[in-house]
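Trainee: First, the structure itself, so that you have it in front of you.
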Amino acid sequence: MAKKRVTEAESSKNELSAQIDAELDKAIDDLTLFDDDLMSKVFDGNIEAAELLLKIVLQRDDIKVVKVKGQVDMKSPYVEGRDITLDIHVIDGDGIEFDVEVQRNVEGSHNRRIRFHGSMMDVRMLKKKQKFKELKDAYVIFICQHDKFGTNEPIYHVDKVVRETNEQFDDGSRIIFVNGVYEGDDDFGKLAHDFNCKNADDIYYKPLADGVRHFKETEEGRDAMCESFNKLADKVADERQVQTRSDDVRSLMDSMKLSLEQALNALKIQGKERAIIAKQLQK
């Protein structure tokens, strides 16, 4: 009997592991470029994709990117200050810096967040005793999966204006919002379309399609995405809400004899959170 119980326990563990792997596979399949995990990987070191993106957003053909890196941590100089992670950080041939972020929800594109991101880039640009006029331009570009200002424009430029004279006040700080739900037939419409695609074959622009295909359809790419999910699960493991949700899933599976998929569905857990919660159950 003891031997049978061990065998049943092992079988149950293997079944759960298979269910967790299935949830992880589905999470990867459902990713789009609006998921910062995928977007930052597709653009990391991908000069061609970064130039394509900036040429469309800035409506210029002379962009020459010299460096692009995904998931760039910027630490606050204060011990208890807030740190940020840029989705992608781009530098062009003139030393101009770009922070490009993807954002699904309205709260994530709050105006003061954009201000904070810009300040974190600015403070790193000047060395000791450099003149302020040497500060390079800096762009904060938010590609939103919503229409930030609700007028169906493909792109919104935020400029500073002197109220009394109505003159432009140019301090080199550039803020741009891209409407990721815009459906025009132009380059902006194609870009928005591509960022919403789950399948590489449906993407218009080859540099983006190739990147998505690599991370979704090759063993090396999927392994990299799995590792990202593992790291994300470890990072949020101590967050009370995640732990509570994991406990709720486990409780439903035990008490109601539900599969992992059934328990996640019952609790209406969707998207990337499903994979994160599932990974917690392996701990």
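Trainee: Rg over Rh of region 57-159, using C-alpha atoms and the Kirkwood radius, what does it come to?
Mentor: Here Rg/Rh amounts to 0.97.
Trainee: Averaged per residue, what accessible surface does the chain expose to a 1.4 Å probe, in Å²?
Mentor: Accessible surface, normalised per residue, equals 60 Å².
Trainee: In addition: Please list the radius of gyration and Dmax for region 2-136, considering alpha-carbon atoms only, with Å as the unit.
Mentor: Both quantities, over Cα of region 2-136: 21.7, 77 Å.
Trainee: Between helix 240-256 and the chain, what is the angle of the helix's C-alpha long axis to the longest principal axis, kept within 0 to 90° and rounded to the nearest 10?
Mentor: 30 degrees
Trainee: Work out the charge dipole of the chain with +1 on the Cβ of Lys and Arg and -1 on the Cβ of Asp and Glu about the Cα centre, then indicate which of F169, V66, L252 is farthest towards its positive end.
Mentor: L252
Trainee: Run the simple label-point estimate for I91 and A224 please: 7 Å along Cα→C-beta, distance reported in nm.
Mentor: It is 2.1 nm.
Trainee: A further question on this structure: With charges set only on the Cβ (+1 for Lys and Arg, -1 for Asp and Glu), what does the dipole of region 68-210 come to about its Cα centre, in debye to the nearest 20?
Mentor: With Lys and Arg at +1 and Asp and Glu at -1, about 920 debye.
Trainee: Under 5 Å between amide H atoms, partner at least 5 residues away or on a different chain: which partners does C197 have, H built in plane at 1.01 Å?
Mentor: Here the answer is L33, since their amide H atoms fall under 5 Å of that of C197.
Trainee: In whole Å, how far is the Cα centre of region 50-81 from that of region 173-225?
Mentor: Between the Cα centres of region 50-81 and region 173-225 lies a distance of 17 Å.
Trainee: Tell me the angle of helix 2-30 to the major Cα principal axis of the chain, expressed in degrees between 0 and 90 and rounded to the nearest ten.
Mentor: In the chain, helix 2-30 runs at an angle near 20 degrees to the longest axis.
Trainee: Please state the charge dipole magnitude for the chain, taken about the Cα centre, from unit charges on C-beta atoms (+1 on K and R, -1 on D and E), reported in debye and rounded to the nearest 20.
Mentor: On the way: 45 positive and 57 negative charges, 246 e Å.
Here the size comes out at about 1180 debye.
Trainee: Of the listed peptides 74-81, 154-161, what is their order by residue-averaged count of other C-beta atoms within 10 Å, with the highest listed first? Could you put the intermediate results ahead of the total?
Mentor: Working: 74-81: 9.0, 154-161: 13.5.
Per-residue mean Cβ counts within 10 Å order the peptides as 154-161, 74-81.
Trainee: Let me ask something else about it. Once you charge only the Cβ atoms, +1 for Lys and Arg and -1 for Asp and Glu, what is the size of the charge dipole of region 58-130 about its Cα centre, to the nearest 20 debye?
Mentor: 320 debye
Trainee: A further question follows. So what J values fall out for region 165-181 if you push phi through Karplus, 6.51 cos²θ - 1.76 cosθ + 1.60 with θ = phi - 60°, rounded to Hz, Gly and Pro as x?
Mentor: Along region 165-181, the couplings run 10, 6, 8, 5, 10, 9, 10, x, 8, 10, 10, 9, 10, 9, 7, x, 10 Hz.
Trainee: Next up: Can you send over the carbon and sulfur percentage of the accessible area for the chain, probe radius 1.4 Å, protein chains only? Walk me through the numbers on the way to the answer.
Mentor: Numbers: 7980 of 16850 Å².
In the chain, the share of accessible area belonging to carbon and sulfur is 47 percent.
Trainee: Same structure again: Put +1 on the Cβ of each Lys and Arg and -1 on the Cβ of each Asp and Glu in the chain; which of I28, S17, V102 then has its Cα farthest toward the positive end of the dipole?
Mentor: S17
Trainee: Also, I was wondering about something else. Using only protein heavy atoms and a 1.4 Å probe, report how much of K206 is accessible, in Å² to the nearest 10.
Mentor: Accessible area, nearest 10 Å²: 130 Å².
Trainee: Further, regarding this structure: Test of understanding: extend the Cα→C-beta vector of I47 to 7 Å, then name every residue of region 56-81 with backbone N under 12 Å from that spot.
Mentor: From region 56-81, the list is 64-68.
Trainee: Further, regarding this structure: What spacing in nm lies between the two simple spin-label points modelled at K67 and T151, each 7 Å away from Cα in the Cβ direction?
Mentor: Using points 7 Å along Cα→Cβ, the separation is 3.7 nm.
Trainee: Hey, could you grab the Kirkwood Rh for the chain? Inverse mean 1/r over distinct alpha carbon pairs, Å, one decimal.
Mentor: One decimal place: 21.2 Å for the Kirkwood radius.
Trainee: Along the charge dipole of the chain, which of V90, G180, A275 sits closest to the positive end, that is, farthest toward it, with unit charges on the beta carbon of Lys, Arg, Asp and Glu (+1, +1, -1, -1)?
Mentor: Toward the positive end, the furthest listed residue is A275.
Trainee: Give me the percent of DSSP beta bridges within the chain that run antiparallel, rounded to the nearest 5. List each step's numbers first, then the result.
Mentor: Details: 18 of 32 bridges.
In the chain, DSSP labels about 55 percent of beta bridges as antiparallel.
Trainee: Please find the FRET efficiency linking D159 to L126, where r is the Cβ-Cβ separation and R0 is fixed at 22 Å, and quote it to the nearest 0.05.
Mentor: On the way: r = 23 Å, r/R0 = 1.06.
Rounded to the nearest 0.05, the efficiency is 0.40.
Trainee: Moving on. Output wanted: per-residue J couplings in Hz (rounded whole) for region 78-84, from phi through Karplus 6.51 cos²θ - 1.76 cosθ + 1.60, θ = phi - 60°, x for Gly and Pro.
Mentor: 9, 4, 10, x, 7, 8, 9
The values are calculated or read from the model by the stated rules, or taken from the named source; none is laboratory data. In this text, all values refer to a predicted model and were calculated from it rather than measured experimentally. When we count neighbours, we look across all protein chains shown, and the Cβ atoms used for this are built from the backbone with ideal geometry, even at glycine. What goes into the accessible areas is simple: the full protein's heavy atoms, side chains included, and nothing from ligands, DNA or RNA. Shrake-Rupley method; radii C 1.70, N 1.55, O 1.52, S 1.80 Å.
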